1. Could you tell me what percent of the accessible area of the chain is made up of carbon and sulfur, with a 1.4 Å probe and every protein chain present?
2. Averaged per residue, what accessible area in Å² does the chain show with a 1.4 Å probe, protein chains only?
3. State the answer as a single residue: which of LEU74, PRO85, LEU6 lies farthest towards the positive end of the charge dipole of the chain, with beta carbon charges of +1 for Lys and Arg and -1 for Asp and Glu, about the Cα centre.
4. Determine, for each peptide in 57-65, 11-19, the mean count of other beta carbons within 10 angstrom over its residues, then list the peptides with the highest first.
5. Please give the charge dipole size of the chain, origin at the Cα centre, charges +1 on K and R Cβ atoms and -1 on D and E Cβ atoms. Round to the nearest 20 debye.
6. Does the chain come out rounded, prolate or oblate by the C-alpha gyration tensor, with a ≥ b ≥ c the root eigenvalues, rounded set by a/c under 1.5 and, if not, prolate when a/b is larger than b/c and oblate if not?
7. Between 0 and 90 degrees, rounded to the nearest ten: what's the tilt of helix 31-44 against the longest Cα principal axis of the chain?
8. Relative contact order for the chain using alpha-carbon pairs under 8 Å, separation at least 6, rounded to a whole percent?
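The values are calculated or read from the model by the stated rules, or taken from the named source; none is laboratory data. For clarity, every value in this text was computed on a predicted model and none was experimentally measured. No Cβ is skipped: glycine too gets one built from the backbone with ideal geometry, and neighbour counts run over all protein chains shown. These area figures cover heavy atoms from the full protein model, side chains too; ligands, DNA and RNA do not enter into them. Shrake-Rupley method; radii C 1.70, N 1.55, O 1.52, S 1.80 Å.
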Amino acid sequence: MENQTLMAKYESLLQICQEQGSLALAFYGGVDSTLCAFAARQALGAAHVGLVFFSSPLITAAEEELARRLAAWLGLPLTVLSLNPRNQEELAN
């Protein structure tokens, strides 16, 4: 019963991905974002999925490296954007 429920939820995730046509996903290499990236690739194909990693002083080099390795394993392009909260006026004050 539990496996059927999980599969039904995964099928729903695939359908949602397909409805989008293409996706850009925030990706950090954790279980949640990796599952979403895997499902998006399965539903849309690698040509229609992009991953975005936000690098900042709050993120370790090891975390970024993990995201890079997982993106490569998934066969999906990863864009790394630098974000420094100290440079964001609304966050600095």
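1. On the way: 3640 of 6430 Å².
Taking all protein chains in place, the chain shows 57 percent carbon and sulfur surface.
2. On the way: 6430 Å² over 93 residues.
Accessible area per residue: 69 Å².
3. LEU74
4. Numbers: 57-65: 11.6, 11-19: 13.6.
Highest-to-lowest ranking by the protection proxy: 11-19, 57-65.
5. On the way: 5 positive and 9 negative charges, 47 e Å.
So the dipole magnitude of the chain works out to roughly 220 debye.
6. On the way: a/c = 2.05, a/b = 1.98, b/c = 1.04.
It comes out prolate by the Cα gyration axes.
7. That works out to roughly 60 degrees.
8. Details: 111 pairs, mean separation 24.2, N = 93.
It comes to 26 percent, rounded to a whole number.
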